[in-house]
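These notes concern the structure reproduced below.
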Amino acid sequence: MKKKLISATTEHFKTIFQHEPEAVFLSPGRINIIGEHVDYNDGFVLPAAINKYICFAISKSENDECTVVAKDLNESYQFNWKDEVKPVDKMWVNYMLGVLHQLKERNFSLKGINIVFSSTIPMGAGLSSSAALECGFGYALNKLFKLGLSREEIALIGQKSEHTFVGVKCGIMDQFASVFGKKNKVIKLDCTSLEHEYHSADFKKYSLLLIDSNVKHTHLTSGYNTRREEVEKGLAIIKNRFPLIKTFRDCTETQLNELKEELEETIYKRCHFVINEIRRVNEAVYALDRNNFEELGKLMFETHEGLSKEYEVSCEEVDFLVDFVRNEKQVIGSRMMGGGFGGCSINLVEKGSEETLFVKISEAYLQKFGIQLNHYKVKIAKGTSKVKTKIIK
Ligand code: GAF
């Protein structure tokens, strides 16, 4: 699948530009085991890069002209490197222009490029195709023009471009996971310091199964940004009462409860979720390191409850997916994954039972919502990388 993507992208480049690309890059999507909506709340998260990618075939052009071709959409976009970079009305272009804008802000001087990209990351499934696009593009430019950016800077550029050119005030998790992924490892990331450590992603007799609801509710951006405002409001009140508290990770549930009367109900619920989700990530890593998958699964179910009832970022369809598997003995953990309002559930499932489970849940889902489900059995892969020439040929 990876090879097919690389060769299809490269061939398309050759057809359009009539020469070989100078380089080819792969930028992965991500999953997240636990730690949802806490990256922008100074929490910890536990994501990993996966074997679904955006592939970029790229060369410098002879002048300042840039041509970007989105193979899968059959669309292209042209501009001049010297032009002022502003958001346009094509969303996929904005992910890339945002990165160029960030590079300009840092006074890098680039030249024109020709680029073709193609993807195997399902869009709108909560697997971060957007971070893969931003970071893969940033990584490719960094290599092509020898800009000397570190992986961390590339991730931060990706995040900033999403804030400025896409309008989602996202945290750093997606970009970080895409750039820093390691084969068979999950990343425990401290979202304040960006310190991170890798933990084994060997789930022994269990595998990770993503079930894609195939729904994407349109209020994702507004819902996401509203959640940020709500927790910021809550944290300001907490800090005012307890001056020693700097971030959510310093706050206990008992301290929050002391403020229950003072906080609006919605704000209380959001903060309650965040404090408990940060705790759950630490407990999940402890469980994972000890191969205690039953405990890990239990924490995943708890996370879902919080996301659904307190943070209110799930939806009827994804709640259905999680509720359904609660009664299936071969599933020990399940929850919505990513920003929410649709997308995938992530499930810890006994190896060998994935297909039977999928057939059963698909039938029930189709009957209830009239929508066909998709599923992905993902492998944990390495982060953004340059493809070796011998693989391209
Ligand atoms: C989206 C965001 F981009 C991430 O930063 C993160 O907040 C996630 O939602 C929720 O955990 O993917």
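Screening Asp212 against (1) touching a strand residue (DSSP E or B) at 6+ places or on another chain (Cβ under 6 Å); (2) surrounded by fewer than 19 Cβ atoms within 10 Å (Cβ to Cβ); (3) among the acidic types (Asp, Glu) leaves a single unmet condition, (2).
All conditions in (1) touching a Pro at 6+ places or on another chain (Cβ under 8 Å); (2) without any contact (Cβ under 8 Å) to a residue 60 or more places away in the chain; (3) small (Gly, Ala, Ser) hold for Gly181, with the sole exception of (2).
Within the range 293-342, restricting attention to residues that are polar (S, T, N, Q) and in contact with a helix residue (DSSP H, G or I) (Cβ under 7 Å, 6 or more places away or on another chain), which residue is farthest from the ligand (Cβ to nearest atom)? The qualifying residue farthest from the ligand (Cβ to nearest atom) is Gln330. The sole residue among Phe341, Phe301, Phe324 that is on the phi > 0 side of the Ramachandran plot and either modelled with pLDDT under 95 or not β-branched (Val, Ile, Thr) (or both) is Phe341. Among the residues of the range 14-40, count how many are touching an Asp or Glu at 6+ places or on another chain (Cβ under 8 Å) and away from the ligand (no atom under 16 Å from the Cβ). Of the residues in that region, 1 qualify. Taking the range 108-143 as the range and being among the hydrophobic types (A, V, I, L, M, F, W, C), more than 16 Å from the ligand (Cβ to nearest atom) and under 23 Å from Lys52 (Cα atoms) as the test, the residues that pass are Ile115, Val116, Phe117, Phe137, Ala140, Leu141.
When Cys55, Cys66 are screened for being under 27 Å from Tyr376 (Cβ atoms), more than 16 Å from the ligand (Cβ to nearest atom) and not basic (Lys, Arg), only Cys55 passes.
Quick check, is Tyr376 more than 16 Å from the ligand (Cβ to nearest atom), of a type in the set (Phe, Trp, Tyr) and in a helix (DSSP H, G or I)? No; evaluated as a whole, the condition is false for this residue. Taking into account only those residues within the range 83-117 that are of a type in the set (Lys, Arg) and surrounded by 12 or more Cβ atoms within 10 Å (Cβ to Cβ), which is nearest to Phe145 (Cα to Cα)? Applying the filter and picking the extreme gives Lys111. Selection of first residues in the range 167-178 that are free of Cβ contacts under 8 Å to residues at least 12 places away in the same chain and of second residues that are assigned to a loop (DSSP other than H, G, I, E, B) and within 6 Å of the ligand (Cβ to nearest atom), restricted to Cβ pairs under 7 Å at least 6 apart or on distinct chains, gives an empty result. Here Glu355 passes the criteria (1) assigned to a loop (DSSP other than H, G, I, E, B); (2) surrounded by fewer than 23 Cβ atoms within 10 Å (Cβ to Cβ) except the one numbered (1).
The values are calculated or read from the model by the stated rules, or taken from the named source; none is laboratory data. Please read all numbers here as calculations on a predicted model, not as lab measurements. Every residue, glycine among them, receives a Cβ derived from its backbone with ideal geometry; neighbour counts consider all protein chains shown.
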